[in-house]
1. Using only the alpha-carbon atoms of the chain as identical scatterers, what base-10 log of I(q)/I(0) does the Debye formula give at q = 0.13, 0.14, 0.15, 0.25 Å⁻¹?
2. Rounded to the nearest 10 Å², what accessible area does ILE54 show when all protein chains are kept and the probe is 1.4 Å?
3. Quick one: angle between helix 62-73 and the longest Cα principal axis of the chain, in degrees between 0 and 90, rounded to 10, please.
4. Helix 31-45: angle to the longest alpha-carbon principal axis of the chain, degrees 0 to 90, nearest 10?
5. Rolling a 1.4 Å sphere over the protein heavy atoms, what is the accessible area per residue of the range 4-69, to the nearest Å²?
6. Give me the percent of the accessible area of the chain that comes from carbon and sulfur atoms, probe 1.4 Å, all protein chains in place.
7. Could you go through the range 12-21 in sequence order and give the Karplus-derived ³J(HN,Hα) for each residue, using 6.51 cos²θ - 1.76 cosθ + 1.60 with θ = phi - 60°, rounded to whole Hz, and x for Gly and Pro?
8. GLU36 to GLU11: extension gain in nm, 0.36 nm per residue of separation minus the Cα-Cα distance?
Amino acid sequence: MKDYLVDKIEEVSFERVELNDSLWQSGVLDSITIVELAVDIEEEFGIEIPFDEIIEDNFETLANLIAFIERKQSK
């Protein structure tokens, strides 16, 4: 999961990212790339991400994003 997400984030942002790098606050992801990433995640992991769940807490770091996806998958 981590490798997939790193590849996708780097693909949409053109920046290298590490597990605890800021994605939201630092501007690595903007409003368009976050939505694009959310759509890719939905397709890859078979989950639904409503717009009200595309928030900083879930998308601020790669670690947060992995935890968010795992929570969604366990439901």
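1. -0.31, -0.36, -0.41, -1.30
2. 20 Å²
3. Once rounded, the angle reads 10 degrees.
4. It is inclined by approximately 40 degrees.
5. For the range 4-69, the solvent-accessible area averages 54 Å² per residue.
6. For the chain, the apolar C and S fraction of the accessible surface comes to 48 percent.
7. 8, 9, 6, 10, 6, 10, 10, 3, 10, 5
8. 7.9 nm is the gain from fully extending GLU36 to GLU11.
The values are calculated or read from the model by the stated rules, or taken from the named source; none is laboratory data. None of the values given here were measured: they were computed from a predicted structure. Keep in mind that these areas ignore ligands, DNA and RNA; they rest on the heavy atoms of the full protein, side chains included. Shrake-Rupley method; radii C 1.70, N 1.55, O 1.52, S 1.80 Å.
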